[in-house]
Each structure stands twice: as C-alpha cells, then as structure tokens.
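The block underneath contains the structure these notes are about, expressed in structure tokens.
The values are calculated or read from the model by the stated rules, or taken from the named source; none is laboratory data. As the structure is a computational prediction, the values presented were derived from the model and not from experiment. We place every Cβ from the backbone using ideal geometry, glycine too, and count neighbours over all the protein chains shown. SASA here: full protein model, heavy atoms, side chains in, ligands and nucleic acids out. Shrake-Rupley method; radii C 1.70, N 1.55, O 1.52, S 1.80 Å.
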Amino acid sequence: MSEAMMTAVDVPQLDHDDTPVPAAKKPPVDPAVLAYRDLKGGEWWRHVPAYRDVDEATFLDHKWQSKHSVTSLKRLLATMQDIVSEDFYADVERGFMLAPMSVRVSPYVLSLIDWDNPWDDPLRRQFIPVASTLMADHPELNLDSLHEQADAPTPGLTHRYLDKALFLPLDTCPVYCRFCTRSYAIGLDTEQVEKVALRPNKDRWKAAFAYVASRPEIEDIVISGGDAYNLRADWIREIGHTLLSIPHVQRLRWATKGPAIMPQKILTDDEWLDAITEVVERGRSMGKEVVIHTHFNTANEVTEHSLRAMNRLMERGILVRNQAVLQRGVNDTPETMVRLVKTLSWINAHPYYVYMHDLVRGVEDLRTSLATGLRLEKIVRGVTAGFNTPTFVVDAPGGGGKRAIHSYEHYDRETGVSVYTAPSVKPGRLFYYVDPLHALPESGQQRWANPDERPRILEEAAEKARAHIAWLEDGD
Ligand code: SF4
C-alpha cells in the first residue's frame, strides 16, 4: 500500500504529548552509528563532465542510462574528460587489453566513483580494470571453476542440487563485473577469452523447460544469465508463466544486479516491471514464491534512487534478497561489511548471502583469504536481526555447491587450502578452496611456486580432512 493510500485511511498516530518516555537502559546512540541511513541524494552526477547538463528526468531514464554506458576507453575519456589523470587513463588502457571480461559501466556507477582516487574506489575496483593491480592467477584456477557446464544436461541449465536448477536464458548484462563467475560465457569475446555462447534462443529455452518438467524433484529455479534486467517483458512472461505452469516448480528467483547498478530501470521501465509483477502475482495466486535476487557489494552503491526503486518493488509485494561477494578493497573490513548489511536492511534488500570470491581469471587482486571471511562473519552476526544477517558461504570449486565457510574439514593458513565436503550434493568427494597467494606467508607462497609441490599440498590437506571427517563420525 502506498504512503498516499495509508494516509487516506484512519491510522493511529503516536501521541508524544502526554506519555512519559521510560528511562533508557542504554546510553544515547552516537548519530554516526546511524549514518548508513543518510543516502546520497540531489543531483550528485553533475560532477561528471559529460553529465553536467543532465537533469533528473534524463538521469532516471533507463534508456538513457543504457545508451550512455561506457564500454571502451574512448567513451570513458569522453565522459570523464580532464577530471581524471593521464596516469589513470594509461593504466586503464592496459587493463582493458588484459581483462578476460568485457567492460560495461552504467552512468549511475560512473557517477558514484570517487574520481579523486579512482584506484582505491570500491566501484572502480569492481568494474574498471587497471593493469597496475593485476596479479598472477592462482595455479588451481579454471575458467568455469564452479563446473556449471559440467553439471548442465542442456546448454544454459545447470542441475546440481537435488531440488534446484539454474537457468541461463541469455548471456548479456546491463553492466559487466570484472569478477564475474560466468566470464566463460558472459559478455563479448575479449582479447583473453572466447566465450561460450548462451544467446536468447527459444529452442534452447524449450529444451531447458522440457528437462525441468521431466524432473519431479526440481522445485526451485534461479533465472539468471546474464542478467534478468536484459530480458524483454515478453520473454519474462514467457519464461515465468511456462515455469510456473510446471506443477512441481514452487519457487522462481529472478537474478539481477540491476537494483545495485541501475535502479532507474525499476523507476522508469514500466513494461519490464509490469511483466515481473504479473509473474509474481500469478505465482502468489498459485501458492508459489517468485522473488528477485540482487547483488549489492558496497553501501557506496546505495542512493536515494535505490531506496525509491526498492520501495516501488515493495509496493508491488516483490521480495528482494541480496547476494554479495566478499572483495578486497570493497567490503573486506568490519566497517564496510557492517555498513553494507545495515544499509541493505534499511532499504529492504535482505542480506541473504556473502560469498567468498570465486576463482575467476584476472581478479586475484579482489580475492581475500578464507580467514578474512571467518573474521567478518563473527563481527556481522549480532549487529542486526537474524533474517537480515547474511550467511557467509564458499561456492565449492568443482561443483560442491554452497558450503557455510566455517564448515571446512580442514584449513591451512600457510598454504591457504581449505577442504569441504558436500554430502547431499556429491557424497564422498572433497572440494578445495584456495586463498589468493598474496594472502599467504612467504613459506606458503614458495610451496605453490614449485609445480612439484602442488599435488603434495593438496594431498596433505586431503589427508587431514579425511582424519577430521573420521573423527566427527566417531562421535556418532
Ligand atoms: S551482472 Fe552478474 S552475470 Fe553479469 S557480469 Fe556481473 S556478476 Fe556476471
């Protein structure tokens, strides 16, 4: 119900005049603690040279946002002009050449970057590659580290968990993230990677629907991509209604980074939002849950436009959950992670997951150690209500699925190897997550530098993990 509708009915109001305030048991809170509620407003984008004359109506127009997204150094230069140093442009030029991922950044994101210090800015770090911070990939890294293709019965449909499938109807997004787990498929080919094509194709979709219909155990479908923001309204209806019509499918999740990087679309693309709303409402009438899963990584992505977009979704009864990725220089301190969780709670994007960073080519500078995740998890737990407290998970490389980060069977800080099991996903197998080499002590880095040592590192970790599993089983 909108605010206007609320005031139209007779609602009780708090009367402060004659009710004594009970004595507090806690000291007054420092206003700084509540600073996460002060969201950026006004016309902040006008400090960007190319947006100096852009009024609010234009900046809110999703078509304008899309058309003016930056995909090349030339467009970045034309947008930022002389407020960025030549050193930075030179770094970006080399970064573009070495990046495995295509580059696409919305005006909204560009306008939120601190251009006085772009190297350290958490949004720049996620979207604009620079050569100077590149680090060698970990020796254990594969391009499709989560084995999504190996677990796909038909292209673009991954069936790993018993009751859940991941459907990838398209391979484009409104922005491209440097760290995308699906850099094997998402975006255009780059100088470094020729992508697996997952273009929108009705025959491919039909094969995916037929598979889901043939498997009565599948109750839950994540519709990702690419990004559901880039699905046309008629595609959203076709996909949503077809999946809802399969009797055993009980839950749909539209996965989109959109609210974090272009909230304007929710405010001005009525056709898209009406299609999502129609599927949500039909699902509700059938007793099925249809929600949005989004992907904010830092409170710096949240503005008054985000709040307005989230309120519009809430008015339509659309639940939003957030899946963040733990990233160095983005959200890897207690302050930045707690602020992210509190800000998301404030705008009603439930902080559902924080993922350890997957092993993705060309972004070792963004990964943190598992130890960092373990420390942050302890700090975050308790700052807010349990349903707004994210679960910290590792998406176990090799297709083990999501494991709570502290459920490892063994973790060695010297080599950075942690070992997980996934008894309900792939029983009997061990899955290895590895910390980035830059987070290891010198001795650990030296062991990984020697190719003969690498199998030994993993075998030692496996032995210790097996001993731990046996110890746990002895307790039965
Ligand atoms: S929006 Fe999602 S799928 Fe698209 S590039 Fe970013 S992480 Fe990858």
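Examine the stretch 396-413 for a residue that is of a type in the set (Val, Ile, Thr) and within 14 Å of the chain's Cα centre (by Cα), and state whether such a residue exists.
Of the residues in the stretch 396-413, the ones of a type in the set (Val, Ile, Thr) are 405.
With within 14 Å of the chain's Cα centre (by Cα) added as a condition, the list becomes none.
Checked against the condition, which is being of a type in the set (Val, Ile, Thr) and within 14 Å of the chain's Cα centre (by Cα), the stretch 396-413 yields no hits at all.
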Could you check the stretch 444-476 and list, in sequence order, the residues that are more than 17 Å from Tyr408 (Cβ to Cβ) and either open to solvent by less than 50 Å² (accessible area, probe 1.4 Å) or of a type in the set (Lys, Arg) (or both)?
Arg447, Trp448, Glu453, Arg454, Arg456
Please state which one of Asp38, Asp61, Asp114 is more than 30 Å from Val383 (Cα to Cα) and more than 16 Å from the ligand (Cβ to nearest atom).
Asp61
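Among the residues of the stretch 69-86, is any at positive phi and either more than 16 Å from the ligand (Cβ to nearest atom) or under 28 Å from the mean Cα position of the chain (by Cα) (or both)?
Yes: one or more hits.
Sort out for me the helices (runs of 4 or more DSSP H) sitting completely within the stretch 1-115 that have 1 or more residues that are open to solvent by less than 60 Å² (accessible area, probe 1.4 Å).
Values: elements: 3-8, 56-60, 62-67, 73-80, 86-98, 107-112.
It comes to 56-60, 62-67, 73-80, 86-98, 107-112.
Out of the residues in the stretch 158-184 that are β-branched (Val, Ile, Thr) and within 21 Å of Ser66 (Cα to Cα), which is nearest to the ligand (Cβ to nearest atom)?
Of all residues in the stretch 158-184, those β-branched (Val, Ile, Thr) come to 158, 172, 175, 181.
From what is left, the residues that are within 21 Å of Ser66 (Cα to Cα) are 172, 175.
Working: Thr172: 8, Val175: 6 Å.
Out of the qualifying residues, it is Val175.
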Can you confirm whether the stretch 416-427 contains a residue that is surrounded by 15 or more Cβ atoms within 10 Å (Cβ to Cβ), β-branched (Val, Ile, Thr) and under 23 Å from Glu364 (Cβ atoms)?
yes
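This table checks each residue for (1) among the hydrophobic types (A, V, I, L, M, F, W, C); (2) farther than 21 Å from Leu326 by Cβ; (3) part of a helix (DSSP H, G or I).
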{"site": "Ser443", "(1), (2), (3)": "no, yes, yes"}
{"site": "Trp448", "(1), (2), (3)": "yes, yes, yes"}
{"site": "Pro451", "(1), (2), (3)": "no, yes, no"}
{"site": "Pro455", "(1), (2), (3)": "no, yes, yes"}
{"site": "Ala461", "(1), (2), (3)": "yes, yes, yes"}
{"site": "Lys464", "(1), (2), (3)": "no, yes, yes"}
{"site": "Ala467", "(1), (2), (3)": "yes, yes, yes"}
{"site": "Ala470", "(1), (2), (3)": "yes, yes, yes"}
{"site": "Glu473", "(1), (2), (3)": "no, yes, yes"}
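Out of everything in the stretch 247-265 that is assigned to a loop (DSSP other than H, G, I, E, B) and under 23 Å from Val109 (Cβ atoms), what residue ends up being farthest from the ligand (Cβ to nearest atom)?
So in the stretch 247-265, the residues assigned to a loop (DSSP other than H, G, I, E, B) come out as 247-250, 256-257, 262-263.
Imposing the further condition that a residue be under 23 Å from Val109 (Cβ atoms) reduces the set to 256-257, 262-263.
Details: Thr256: 8, Lys257: 4, Met262: 10, Pro263: 14 Å.
If we take residues in the stretch 247-265 being assigned to a loop (DSSP other than H, G, I, E, B) and under 23 Å from Val109 (Cβ atoms), then Pro263 is farthest from the ligand (Cβ to nearest atom).
Determine which member of the set Asp55, Asp82 is among the acidic types (Asp, Glu) and without any contact (Cβ under 8 Å) to a residue 24 or more places away in the chain. First the steps, then the outcome.
Numbers: Asp82 fails: without any contact (Cβ under 8 Å) to a residue 24 or more places away in the chain.
On inspection, the qualifying residue turns out to be Asp55.
For the condition under 19 Å from Arg75 (Cα atoms) and touching a Phe, Trp or Tyr at 6+ places or on another chain (Cβ under 9 Å), what is the one hit in Leu123, Leu110?
Numbers: Leu123 fails: touching a Phe, Trp or Tyr at 6+ places or on another chain (Cβ under 9 Å).
So the residue among Leu123, Leu110 that is under 19 Å from Arg75 (Cα atoms) and touching a Phe, Trp or Tyr at 6+ places or on another chain (Cβ under 9 Å) is Leu110.
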Which number in (1) in contact (Cβ under 8 Å) with a residue 24 or more places away in the chain; (2) at negative phi; (3) open to solvent by less than 40 Å² (accessible area, probe 1.4 Å) marks the one condition that Gly401 misses?
(2)
Those residues of the stretch 428-443 which are among the charged types (D, E, K, R) and open to solvent by 40 Å² or more (accessible area, probe 1.4 Å) amount to Arg429, Glu442
